[in-house]
Structure formats: C-alpha cells, structure tokens
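The values are calculated or read from the model by the stated rules, or taken from the named source; none is laboratory data. The shown structure was predicted, so the numbers you read here are calculated from the model rather than taken from an experiment. Using ideal geometry, Cβ is built from the backbone for each residue, glycine included, and neighbour counts are taken over all protein chains shown. What goes into the accessible areas is simple: the full protein's heavy atoms, side chains included, and nothing from ligands, DNA or RNA. Shrake-Rupley method; radii C 1.70, N 1.55, O 1.52, S 1.80 Å.
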Amino acid sequence: MKVLPPPSSPGTRGTDLTTSRTPRTGGMAPAGGDPRGSSGGGGAFGSGRRDRAGGYADMFDPRGSKVQTSVVPPQPELKKSGNAWARNREADDEVEAKVKQVRSLLNKLTLEKFDKIYTQIKAIEVSSPEVLDGIVAEVFQKALSESNFAGMYADLCSRLSKENLKLTGSMADAPESEKQKLNFRRILLTNCQSEFDRFANEETLMNDLKTLSDEGTLTGEDIMKVVTKAREKKSAAMNEFVDKLEVISKQETIRPEDIGVVIGRAKRRMLGNIMFIGELFKKKLILEKIIHTECIQRLLTISKAKKEEDVIEALIQLVSTTGKLLSMNTKARPLMDNYFKDFALLSRDKEIPSRVRFLLKDLLDLRDAGWQGRRDDGAKTIAEIHADIEKEEKEKEAAAAASASSARSRDTRGFGGGRGGYGRDMRGPIPTSHHAVSMHIPSAARGGSGAGGAPAARNRLSAAWESVERKEAAAAATQMSADATTVKLRPGGLRPGGGGLRPGGRGRAAGSDAARPSASLLSNSFAQLAESAGGTMSLRPGGGGRGAAPKPAAPKPAPSTPSAPPGLSKDALKRKTKSILSEYLSIKDVKEALECVKEEVPSSNYTGFVQTAMRNVLELRVQEREVMLPLFEAFASGSVLPHSAFVDAFSDVVKMLDDLDIDDPKACEYVGKYLGRLAAVGAFAPKAAADAAAPADAGLGFLGSAVKEIENPALAVKLIIGVFANFKAALVAGAGGRAAVDDDAASAASMAAYTACGVDLEALAAAAPGGGGEKVLGGTLEKSGMGFLLPLRAAGADIAKRLRDGTPVADVQAWIEANVAATVRESSAFVRTLAAAALGTAVAPTLSAGERGLTADVVSEEARLLKDAAAPLLRPAVDGNVDAQVAVLLEAQAICYRARFPGAGTLTGPDGKPRSPLVRRLFDGLYDHDVIDEESANAWKDRDPGADDSGKTEALVQTNAWFEWLATAEEEDDK
C-alpha cells in the first residue's frame with residue numbers, strides 16, 4: 001500500500017481528508033480529483049463502513065494520512081480431480097444404516113412417545129446377528145449415558161425381549177438353537193456383565209488413573225502404561241476413554257483436570273450401568289441370585305477390603321435400586337440383614353470420605369423408611385411434571401395461608417396480654433362489655449396467701465364458672481368498683497400491670513367504649529383466673545353494679561395431703577445430675593450424694609438419673625471414672641434407687657454403645673467395668689436375689705436383648721467379656737461390702753450368670769466381618785483369663801496344641817474321651833471345634849508361607865497333616881452323620897474366609913497345571929480320606945444362607961469345578 005501526504009496547512013485550498021468522502025468501490029480517487037464527485041456515499045474518518053465486496057473501502061491513519069488498501073484479486077476456481085472423495089450413501093452397509101435408524105429413534109424417545117418409538121424399533125428388520133448386536137449396543141449405550149431414564153430404557157428392553165423382533169434373511173432361516181443364542185435379552189445381559197466385570201475388577205482404569213492423580217505422577221510415560229494395560233484387557237466398553245487418555249498422554253503439558261474429565265466420564269458410565277442393572281432386575285430380566293452373588297456380595301467384598309469410594313458408591317446405587325424388591329423375599333432377609341450390618345460399619349469408618357459415609361447413612365434411613373424415598377428422580381411425563389408443579393404451588397399457598405392464620409391467631413391472643421392486643425399496658429384501649437364480671441377479693445386474701453387459701457379459691461372458682469355458663473347470656477354490664485376490694489375481670493387476664501385483674505391498679509374508666517369480647521375470650525380469662533396463684537377470690541357473675549354488696553367468703557377447707565413432686569424435665573434432670581456428681585468429685589462424700597438423690601430427684605426420674613449419670617461418667621477423665629465407681633456401688637447397695645432403674649438405664653447405654661465407642665474408644669471398657677461391678681453388688685437383681693453372697697444370675701438377663709442392638713459384633717464380644725471379667729474380679733475382692741469368695745466360686749458364679757443372660761459369644765464373633773470377632777474373642781479371652789466361659793473353645797485350643805506338638809492321634813482321642821462328656825462330643829458345636837483344631841493344624845504351614853511363599857513342599861506338608869492328623873481325628877466324630885460332616889465343611893469354609901481365600905499363586909502341579917486354591921484342596925482331601933461324602937457335600941452346597949455362611953459365595957466359586965467332577969463321578973458310579 002502507499003501513503004499519500006496530508007495538505008501543507010489547514011488553510012490550503014486542497015482536499016480536506018477529515019471531511020472527504022471516498023468511493024465505495026474499494027479504490028481511491030485519482031490525485032488532484034475531487035472525491036466528492038465520485039459516485040456512492042461514504043463515511044467520515046473512522047467510520048469503517050464495509051463495501052459490498054466485504055472489505056473496508058475507507059481506512060485512515062490516525063495521524064491524518066490516507067491508507068490505500070490493496071484489492072484482493074479474484075481466486076481461480078478449484079479443479080476437481082478425477083478420483084475426488086465423495087460420500088457414497090449407497091455404500092453404507094445394511095448394519096450401519098439400521099443402527100443409525102435405531103440411534104435416531106432413541107434420540108426421540110420419551111415417555112409420551114414410548115409406544116410409537118417402540119413400534120418403529122420393533123418394525124426394523126433384523127437380517128443378521130450383526131444388526132441385532134448393533135441394536136442392542138445402541139440401546140445399552142443410551143441407557144448408560146442417560147441414567148436418569150434407566151427405568152424407561154429397561155422397560156423398552158423388557159418389551160423387546162418378550163416380543164420377538166422382526167427376523168428376516170438368514171436370521172429367519174436359522175435353527176431354533178441359534179435363535180436362542182442370539183436373542184435380545186442374552187446379548188443385553190452379556191453387555192451388562194462385561195461392563196460390570198470391567199468395573200468390579202480391582203485393576204480398573206479409574207483406579208490406576210486415581211493413583212496417578214493422587215501421587216502427582218502425571219507423565220506421558222506413566223499414562224501410556226495405563227493405556228497399554230487397558231488395551232490388553234480388550235474391553236470394548238473402555239475404548240472411548242482409552243483413546244482420549246492416549247491423546248492426553250501426547251500433550252506437552254498434562255493437566256490434572258484433563259485426567260479428571262476422563263475419570264468423571266468413566267464414573268458416570270459405571271453408575272449408569274449399575275442403575276440399569278437394577279432396573280433390569282426390577283423388570284425380571286436378571287435373576288435375584290445373580291444380583292446377590294455376582295453384584296452385591298462382590299462389590300461388598302471389595303468395599304470392605306479396599307474401601308474404594310467408587311465401589312462403595314456403586315454398591316449404594318445398586319442396593320437403593322433393588323433393595324425394596326429384594327426385601328420382599330423372606331428367604332433373603334438374613335442376607336439383607338448381613339448387608340446392612342456391613343453398611344452400618346462402613347458408615348462409621350473414618351477412612352472412608354465423609355460424602356460416601358453420608359450416602360451410606362441415607363441408605364440405612366431409606367431401609368428404615370420402608371424404601372420410600374424423599375423424592376422421585378425417575379422419568380416423568382410432561383403431564384406429571386405439570387401436576388407436580390401445581391401440587392407444589394398449592395402446598396405453598398396452603399403454607400402461606402396457615403402462616404397468615406397463625407399470625408392472626410397470635411394477634412388475637414394479644415387481646416389477653418399478647419403483642420398488639422388489649423391490656424399490653426395501661427395506655428391501650430380496654431374494651432368494656434355488659435358481659436364483664438365483677439370479682440370480690442377480701443382484704444385478707446389480697447396480701448398474699450393463707451393456709452388453704454389457694455384450694456379454697458379454686459373450689460369457689462369452679463362453682464362460679466358453672467354459674468357464669470348458665471347466666472352468661474343474661475349477664476349485665478359491670479364496672480370497676482371504687483373499693484379496692486372489687487375489681488373487674490377483663491380479657492387482659494391476670495398479668496401484673498396488664499390492665500386485667502389488678503387490685504389497686506390504674507384501670508381505665510368503666511364507661512369507655514370498646515368492642516364486645518367473645519365468649520371464648522371470657523373463657524380464656526376464667527381459665528387464667530383458675531390457674532392464678534393469687535389469694536382467695538369470689539366470683540360474682542351477673543348484676544352487681546357499683547353498689548352491690550360482696551358475698552361473704554366461703555369457709556376454708558381442711559388442708560389436703562401434699563401430692564408427690566412432679567418429674568423433672570430432661571434439661572433440669574441433666575443439670576441436677578451434673579450438680580450431684582460434681583459435688584461428689586469435690587468432697588468425696590457418698591452419704592451426702594445419697595441424700596441429694598433422695599431429696600432432689602423424683603422417683604419418676606430414677607432411670608433417667610442413672611442413665612444421665614453414666615453418660616456424664618464417660619465424659620470424665622480416666623482417673624475420675626474410677627473415683628465414681630464407689631458412688632455407683634453405693635447407689636446400688638442403698639435403698640434409694642430400685643434395681644429396675646439400673647436395668648432400664650444400662651439397657652439404653654448398651655444399645656448406644658456403637659455411638660459411644662466412636663466418641664470414646666474406652667467407652668466399651670468402662671461400660672463393661674461398671675456393669676460387672678454393679679452386678680456383683682446386686683444392682684440389677686431384685687432385692688431377695690441381690691442379698692445373696694453370689695447372685696445366681698446377677699440380674700444380667702437384659703444383656704441378651706440389649707447386645708442385639710449393637711451393630712458391631714466385635715464390640716459386643718469385647719463388652720460381654722469385660723462385664724464378666726469385672727464381675728468375677730468384684731466377687732473375689734468383696735466389692736460393696738460383701739464377703740469375698742475364692743477364685744473357683746467366682747468362676748462358677750460368672751459361668752452361671754453368663755449362661756443365664758443368653759448371650760452366645762461364638763455366634764457374635766462369627767457375625768463380625770473379616771474375622772475381626774474371632775480375633776477379639778481369642779485375644780480378649782486369653783488376656784482376661786475368662787476362657788472358662790467357652791469350655792469347648794478351651795478344649796479346642798488344648799487339642800490344637802497337642803496336635804502341633806506332634807502328640808499321636810490315639811492319645812489325643814483318649815484325652816478327649818477323658819475330658820469331654822459323651823453328650824458334648826456328639827454335638828455339632830463340638831464337631832466344629834474339633835474341625836477347627838484339626839484343619840487349623842493342617843493348613844498352618846500354608847498360611848504361614850503365604851501365597852507368594854507357597855512351594856510344592858509346603859503343599860505336600862499340608863496334604864500329609866490332613867491325611868495323618870486331621871482325617872483320623874475327624875472320622876470317628878462324623879461317621880455316618882451328615883450334619884456333622886456339614887459342620888466340618890462349614891469350618892473349612894470359615895478358615896478360608898478368615899484367610900481371605902488364599903490361592904496357589906504361580907505354583908503348578910506335576911501335570912503342569914496351576915495348583916487348586918486352598919478351599920478346593922481341603923474339599924479334595926476330606927473327600928479322599930472319607931471324612932465327607934457326596935450327600936454331605938451337596939447338603940453343604942444347597943444349604944440355605946445363615947449367619948455362619950460368611951464366604952459361601954467365594955467358596956462355591958472356587959469349588960465349582962470340584963462339584964462338577966463329583967457329579968461326573970457319581971454318574972460313572974451309577975453306570
């Protein structure tokens with residue numbers, strides 16, 4: 001471009017560039033020419049008007065120079081080559097065309113158009129397996145991407161599964177066996193299973209990505225390792241995310257938010273699949289057994305072991321969707337109860353993020369509410385949405401009307417002394433009425449109270465009230481008497497200074513005009529008068545003008561017997577309890593504390609007092625808790641607090657132990673100590689039993705029902721052992737002034753009390769997840785010296801020790817016959833104990849080596865011990881008894897469950913094949929050495945789920961091949 005110089009001076013007769021107009025054709029006027037003579041309009045400086053060719057015809061330099069823009073020459077047309085690419089729509093194969101048609105229909109699917117769209121999808125001709133796979137894949141992907149409409153897509157799948165699609169071509173001519181393999185439902189469930197398996201696998205892409213994000217190692221090489229691992233899994237469901245991750249790994253700068261986007265999409269897809277599976281189950285497309293074994297139990301196992309946030313959230317989503325239907329099956333209720341026990345424990349696990357813990361609490365609340373959610377988030381029609389909006393608007397209007405009515409009600413109550421009403425002060429207008437009532441108060445009563453004055457006033461008030469009701473319609477107007485003894489009852493009530501009933505006060509003139517008060521207001525006035533604590537009064541309904549003579553006061557009745565003091569409120573009881581305990585901590589005077597309880601705590605509050613006192617004790621320091629023990633023993637030994645107060649109070653404390661343990665890890669220890677010490681002094685037993693030197697049951701029978709409310713079984717085990725350990729120690733020490741007993745007598749009394757309370761420690765320990773209850777039971781019993789509570793367990797420990805020491809089996813059997821009664825030896829409980837000792841001895845080398853250290857020699861030693869020690873000891877105990885053989889298999893299952901079902905690692909057998917896992921090896925050995933037979937094995941397999949079936953699903957999976965072999969062997973034997 002070229003720049004033309006500006007004029008030499010403002011006065012020069014030349015072209016003024018600030019006012020010149022330029023042509024709109026894109027060119028400039030020739031030098032020396034008059035630009036105003038050019039055709040077309042223009043713009044002033046800086047107008048920037050575009051010409052028709054799309055450029056700017058007039059541009060100026062800010063300094064006054066004119067800028068000439070160059071004109072872009074016309075571009076030649078592009079020449080098309082002979083082999084130019086062009087989309088050939090006819091070349092789209094049939095599969096792609098029909099998949100696109102389904103995709104287009106699904107994009108239009110709504111509840112209003114459901115039947116129409118369904119008919120169109122059903123009308124699509126399915127001519128090949130690829131077309132059917134494509135249709136199912138489109139529906140599946142749509143359901144995952146729009147999880148809020150999972151129910152609608154599940155309904156679509158249900159109808160497409162029940163009503164056959166339109167088969168043509170090779171599909172129509174295929175045999176029935178092929179058609180069954182290629183039905184809509186089977187392909188859909190295969191997609192759901194592959195997606196679920198990909199997520200349930202502990203080495204999922206999301207977990208690897210989260211590990212990288214948490215560690216901050218977001219390098220391209222590390223991300224490519226994740227990509228390579230995902231490619232090896234050959235999961236078509238992950239192709240989209242893996243491709244995006246590969247693109248991210250090639251960026252120069254890898255941002256965490258990019259990884260977060262990939263993780264978020266994968267998580268939404270995962271939750272969508274879980275919700276879709278739940279909806280398919282509700283449509284009966286998935287069996288209940290699969291939901292239990294393959295979904296819930298699998299996710300729950302991973303959740304307890306790994307405590308991964310996404311896995312727990314998926315589990316919550318699945319149970320929320322399917323829980324209502326699963327709970328209707330009475331046979332599955334024990335499973336549901338076990339699930340929710342684990343959910344309750346997880347909801348209190350501080351290792352889990354608080355957001356997920358609150359989701360777990362919401363799930364617990366949902367079950368308690370009968371599976372009725374607070375809101376319905378499912379798909380709705382437009383009419384339903386409009387109905388919901390209308391309902392919300394009506395509820396808001398009703399709430400607003402109720403609020404306004406409440407406000408008016410408060411204003412009306414102000415008539416009797418409220419805000420804005422009559423009688424608020426002496427300046428407000430006080431209505432007069434011909435229904436007003438004169439009242440006479442004797443001078444002797446105005447000064448305060450007299451003996452029997454208040455009861456007499458209430459009696460006269462009652463009689464006068466009946467008279468008012470009879471004569472109210474004919475009552476005449478009354479006025480305030482000049483005499484101080486005659487006052488006028490107005491709706492203002494008896495509030496001091498309020499212009500109502502106020503002897504000697506400054507009332508308004510009797511002749512002031514005001515609205516007539518209603519009968520209800522008069523009723524309120526009389527009610528306030530009846531509740532007043534003032535002096536004696538006499539009511540004068542009716543006439544009684546200014547000169548009316550007062551009626552004489554009725555004679556005073558005899559003083560009545562004072563009634564029992566009313567109970568304290570909850571807050572008042574808390575303050576009183578804290579005051580008594582604080583005073584005791586200061587002066588250590590037991591008698592003074594007992595007197596305070598006797599005088600200041602009503603009998604109706606005794607249970608609340610004990611409970612509140614125990615809660616206060618748990619808030620004290622450890623040394624102060626010990627100081628409080630003698631005071632509680634004095635409460636129990638004295639005649640102030642009954643035994644029922646201790647039973648009810650400590651029942652509530654035990655039921656709250658889960659929450660108490662969260663706040664104070666030593667709460668269980670001290671609740672057990674107080675329970676044991678107080679039981680030793682007879683706090684929980686009736687008076688006759690409590691006076692005995694060693695109470696037969698110590699009154700601890702309430703523990704049997706109370707510990708059932710503890711959600712953590714391991715905590716319940718710890719509590720029970722603590723109770724009876726302290727009970728025994730208190731008996732030996734002679735607590736509460738009782739005579740001390742020897743150790744044997746104390747052990748016998750403890751055993752009797754434990755048996756009477758109905759608590760099963762071994763059942764509680766077995767109910768704890770992950771073998772935690774067994775660890776607590778074994779460790780606490782040994783540490784406290786309370787092994788005598790479980791004699792079978794003590795016998796089992798002795799048998800196991802003898803087997804580990806290499807004692808011959810014959811000697812062990814002789815010891816059993818000498819020390820265990822014959823009736824006990826025949827019980828299933830003893831068989832479980834014997835199996836625990838024998839099988840535990842056999843697998844001890846394997847468990848010590850671990851899966852990584854497992855060698856052929858270790859497996860050989862395991863087989864030898866099983867053959868030479870365990871089997872000979874178990875055969876006589878289970879010979880011909882199916883129930884006893886099932887008990888042995890249950891113990892084998894329990895051992896493997898506590899050891900987390902160890903496998904064989906990379907170890908191979910003589911045939912070069914991988915070794916079987918531990919549970920399979922145990923089943924093989926027990927069957928080969930005639931400890932179990934086919935009948936007992938099948939009885940174990942078909943056994944209904946119970947409390948002692950932890951790990952049954954995993955055991956069935958790992959022994960599935962063994963049962964198939966067993967069935968084949970049976971067929972061969974039959975032949």
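Can you give me the % of accessible surface on the stretch 91-187 that is carbon or sulfur? Probe 1.4 Å, all protein chains present, nothing else counted.
The value for the stretch 91-187 is 48 percent carbon and sulfur by accessible area.
Set the Förster radius R0 to 41 Å, insert the Cβ-Cβ distance between D243 and E861 as r into 1/(1 + (r/R0)^6), and round the FRET efficiency to 0.05.
Result of the calculation: an efficiency of 0.20.
What percentage of the solvent-accessible surface of the stretch 795-974, computed with a 1.4 Å probe over protein heavy atoms, is contributed by carbon and sulfur atoms?
For the stretch 795-974, the apolar C and S fraction of the accessible surface comes to 47 percent.
Between the stretch 626-691 and the stretch 327-377, what is the C-alpha centre distance in whole Å?
Cα centres, the stretch 626-691 to the stretch 327-377: 32 Å.
Counting only the backbone N, which residues of the stretch 708-722 are under 16 Å from the spot 7 Å out from the Cα of I662 toward its beta-carbon?
Under 16 Å, as judged by backbone N against the label point of I662, lie 710-713, 715 of the stretch 708-722.
Just to be sure I understand the model, the point goes 7 Å from the Cα along the line to the Cβ. What's the resulting D362 to E176 distance in nm?
So the label points at D362 and E176 sit 4.9 nm apart.
Between R265 and E592, what is 0.36 nm times their sequence separation minus the Cα-Cα distance? Round to one decimal in nm.
110.8 nm
Given H placed on each backbone N at 1.01 Å, which residues far from A768 in sequence or on other chains put an amide H within less than 5 Å of it?
G773
How large a share of the accessible area of the stretch 288-371, in percent, is made up of carbon and sulfur atoms when the probe is 1.4 Å and the other protein chains stay in place?
52 percent
Please list 3J(HN,Hα) in residue order for the stretch 615-626, calculated via the Karplus relation 6.51 cos²θ - 1.76 cosθ + 1.60 where θ = phi - 60°; whole Hz, with x for glycine and proline.
Using θ = phi - 60°, the values come out as 5, 5, 4, 5, 8, 7, 6, 4, 5, 6, 5, 5 Hz.
Tell me which residues come under 5 Å, amide H to amide H, from V126 once H is placed; ignore anything under 5 positions away on its chain.
When sequence neighbours closer than 5 places are left aside, the close amide H contacts are K166, L167, T168.
For the stretch 364-369, in order, what is each residue's ³J(HN,Hα) by Karplus, 6.51 cos²θ - 1.76 cosθ + 1.60 with θ = phi - 60°, in whole Hz (x at glycine and Pro)?
Along the stretch 364-369, the couplings run 4, 5, 5, 5, 5, 8 Hz.
Could you report the stretch 288-371's accessible area per residue, 1.4 Å probe, as an integer in Å²?
46 Å²
Between E826 and A814, what is the label-point separation in nm under the 7 Å Cα-to-beta-carbon projection?
Rounded to a tenth, the inter-label distance reads 2.5 nm.
Structure shown: which of K108/K307; K113/K394; K307/K867 lie over 32 Å apart, alpha-carbon to alpha-carbon?
Flagged as over cut-off: K108/K307; K307/K867.
What pairs from K341/K570; K588/K673; K267/K361 go past 28 Å between their alpha carbons?
Those over the limit are K341/K570.
Given a Förster distance of 51 Å, report the FRET efficiency between M224 and S104 from their Cβ-Cβ distance, rounded to the nearest 0.05.
For R0 = 51 Å, the calculated efficiency reads 0.85.
So how far apart, in nm, are the two label points at K250 and S579 if each is 7 Å from Cα heading toward Cβ?
The modelled label-to-label distance comes out at 8.1 nm.
Provide the gained length on full extension for the span D944 to D928, in nm with one decimal, where the gain is 0.36 nm per separating residue minus the Cα-Cα distance.
Result: 3.2 nm gained on full extension.
Using r as the Cβ-Cβ distance of S848 and R159, and R0 as 60 Å, what FRET efficiency do you calculate, to the nearest 0.05?
E(calc), rounded to 0.05, equals 0.55.
Using θ = phi - 60° and the Karplus relation 6.51 cos²θ - 1.76 cosθ + 1.60, list the HN-Hα couplings for the stretch 821-827 in order, rounded to whole Hz, with x at every Gly or Pro.
Ordered by residue, 3J(HN,Hα) equals 4, 4, 5, 6, 5, 8, 7 Hz.
In square angstrom, what is the accessible area per residue of the stretch 570-789 with a 1.4 angstrom probe?
In whole numbers, the stretch 570-789 has 42 Å² accessible per residue.
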